[in-house]
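Each remark here refers to the structure printed beneath this line.
The values are calculated or read from the model by the stated rules, or taken from the named source; none is laboratory data. The shown structure was predicted, so the numbers you read here are calculated from the model rather than taken from an experiment. Neighbour counts are summed over all protein chains in view; Cβ atoms, including those assigned to glycine, are modelled from backbone coordinates with ideal geometry.
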Amino acid sequence: MNRITLALALAPLAVLRAGGVVPEGRIELRSAKLRAVVAGNSAYGPDHKAGYSGVAELSHAGSADLFVPAYSGLNFEHIFSGDAATYGRDIFEPRRAAMALHKVAEKRVELRQERTASWPLRTVLTYELAGEDAVDLTVACMPLEDAWKKHGYIGLFFASYVHGPEDLAIHFIARSRPGKGDAAPRWVRYLSAKHGEAACHRAAGVDWDPPVDPGFNIALAGGHSDLEYVHPFYYGVARGKAMIVMLERPKGGAEARFAQSPTGGGQGNPAWDFLFLKRGYVVGEEVRFRARLAVRDFRGREDVLKAYEAWSGEKVEAPKG
């Protein structure tokens, strides 16, 4: 992974004790253009609420915070299996469970969660500034017992609550699902009509949707749209800044999906999210995937494509439409 020099905030934000644990539960990272505060599950300051981990504050070149001050981005939101026997649980268990913030090297931090109340999943989330304008997220998780066996997949969900963008939609290159419309790739501006309605977009070529029992209660992980993304990235624009979410192409029974809500962070504050699904998991074996959130002045779609190509190593043929 790319690394840059980062600056830690003055005490008490960056006081490190006990083998790298940050007892204050938050730490500030800086690059040439980004300021990011990574937080655990505890509240801090006048605005940030308990239960929202990940990038609690993010600004580019001195801009205002791009995330809703009470919430966060790249927040570990849900663990799910689609089994109705789990529907009575708190769907936000990853928000409630104990989470420790560690400084593990000069240039990165980790959030570590041993498990949640009901889900036997050990999770380590690594956040690292990359280049001058990106945050890399690496998720490493290990099932400690088989709590997902009914449908045979582990579902994880990550949310980003964006503060007052001029356009609530996300943009990506997509085609229609087979039998649902135009099969040609094209740029899509997508905003679901309401929370949970046609909110989730799978990858092109995938012929599987995760089975769920009736009454599935995580709206944004259901509600499949008629679209399939062609490349695993999307972007939105907030106050002149492009926020580009790039996902690693998973392998070996894994896949990633986009999800979004026009009101996830409150009226006028959309949620620009993604989820990760893993089939063929093995108890006691680690599962990993990577994502990048890049922030830059919005200079058009071609600049977004260049950012994704530089990170992924892929060459993207931009559609005409």
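With the requirement that a residue be in contact (Cβ under 8 Å) with a residue 60 or more places away in the chain, surrounded by 21 or more Cβ atoms within 10 Å (Cβ to Cβ), in a strand (DSSP E or B) and not small (G, A, S), what does the stretch 213-240 give you?
The answer is F233, Y234, Y235.
What number of residues within the stretch 99-117 are at pLDDT 95 or above and small (G, A, S)?
So the count comes out to 1.
Working only within the stretch 257-276, note down all residues that are farther than 15 Å from F76 by Cβ and either hydrophobic (A, V, I, L, M, F, W, C) or in a strand (DSSP E or B) (or both).
Result: R257, F258, Q260, S261, W272.
Return a yes/no flag: does the stretch 266-274 have any residue that is closer than 26 Å to M142 by Cβ and crowded, with 18+ Cβ neighbours inside 10 Å. If you could, list the steps in order and put the result at the bottom.
Quick first cut of the stretch 266-274, residues closer than 26 Å to M142 by Cβ only: 273-274.
Filter again for crowded, with 18+ Cβ neighbours inside 10 Å, leaving 273-274.
Taking every residue of the stretch 266-274 in turn, at least one turns out to be closer than 26 Å to M142 by Cβ and crowded, with 18+ Cβ neighbours inside 10 Å.
Go through E128, E93, E114 for me and flag whichever is out of contact with any His (no Cβ under 9 Å at 6 or more places or on another chain), touching a residue at least 24 places away in the same chain (Cβ under 8 Å) and not β-branched (V, I, T). Before the answer, list the steps.
Values: E93 fails: out of contact with any His (no Cβ under 9 Å at 6 or more places or on another chain); E114 fails: touching a residue at least 24 places away in the same chain (Cβ under 8 Å).
Every option except E128 fails the conditions.
From the list D90, D83, exactly one residue is at pLDDT 95 or above and surrounded by fewer than 16 Cβ atoms within 10 Å (Cβ to Cβ). Which is it? Spell out how you get there, then give the answer.
On the way: D83 fails: surrounded by fewer than 16 Cβ atoms within 10 Å (Cβ to Cβ).
Result: D90 is the single residue among D90, D83 that is at pLDDT 95 or above and surrounded by fewer than 16 Cβ atoms within 10 Å (Cβ to Cβ).
Checking P250 against (1) more than 30 Å from R89 (Cα to Cα); (2) surrounded by fewer than 20 Cβ atoms within 10 Å (Cβ to Cβ), which test does it fail?
The one condition P250 does not meet is (1).
Filter the stretch 277-321 down to the residues that are among the basic types (K, R), touching a residue at least 40 places away in the same chain (Cβ under 8 Å) and not in a loop (DSSP other than H, G, I, E, B) and list them by number.
K278, R279, R288, R290, R292, R296, R301, listed by residue number.
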